[in-house]
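Down below is the structure, laid out as structure tokens.
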Amino acid sequence: MKRSMTSTALKVVAFLVVSAVFAATVALTMRGVTPGGPTYAAVFANSSGLKVDEDVRAAGVTVGRVEAIDIVQPNNQIKVSFHVQDGFPLRTTTVATIKYKNLIGDRYLSLSQGDGPGQPLVEGGTIPVTQTHPALSLDELYNGFSPLFEGLQPEQINQLSTSLVMVLQGEGTSVNTLLTQIGSLSGTLADRDRVI
């Protein structure tokens with residue numbers, strides 16, 4: 001009896017350990033954490049909304065994490081320090097852009113190849129402000145489209161806003177899709193104008 005209790009207890013402990021390791025692996029995979037790797041920096045005129053521990057992505061794939069965000073004097077520029085996974089090459093022509101992850105304002109740091117092959121960027125190197133782009137201002141975008149938004153249903157506004165952000169960040173499937181949506185929504189507004 002005592003032997004069977006001990007055997008059962010060992011099986012339960014083994015099950016709990018395996019479950020904990022599995023859960024941690026799944027959580028880290030879903031979060032996209034990349035361990036360690038070389039650290040670099042990028043200087044931005046404005047990094048509004050970017051936070052420590054946000055993704056660093058290249059071609060939509062998470063390759064690292066933002067580690068620190070500091071103000072650089074005397075120009076009040078923003079230095080974003082980040083790490084990328086081992087084996088991910090950064091070059092002197094690499095361009096860093098802050099992009100929207102979603103419409104509630106979460107952002108990530110996107111890395112892309114700039115013009116020309118360039119030289120390998122040394123570990124600890126900095127991408128200059130001339131090769132960085134701050135996030136698109138959703139406030140300016142919304143204010144510009146607010147007359148259009150006033151006559152639309154909430155789901156139409158969400159669909160149009162998402163398409164606009166994706167196209168302006170270079171992630172949309174095509175500008176034609178956006179123009180088709182705008183044409184459809186304009187037709188909806190025109191129909192309502194006739195009814196009124």
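The values are calculated or read from the model by the stated rules, or taken from the named source; none is laboratory data. Quick caveat, the model's predicted, so the values are computed rather than measured. Quick reminder, even Gly has a Cβ in these numbers, built from the backbone with ideal geometry, and neighbours come from all protein chains shown. Surface areas here come from the heavy atoms of the whole protein model, side chains and all, with no ligands, DNA or RNA. Shrake-Rupley method; radii C 1.70, N 1.55, O 1.52, S 1.80 Å.
The table for this structure:
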item	result
Fully extended contour minus Cα-Cα distance, from residue 86 to residue 62, at 0.36 nm per residue	7.4 nm
Gain in span if fully extended, residue 39 to residue 10, counting 0.36 nm per residue against the direct Cα distance	6.1 nm
Under 5 Å, built H, 5+ apart or other chain: amide partners of residue 77	72
Solvent-accessible ranking of 70, 86, largest area first, probe 1.4 Å	86, 70
Förster radius 35 Å - calculated FRET efficiency between residue 20 and residue 155 (Cβ-Cβ, nearest 0.05)	0.25
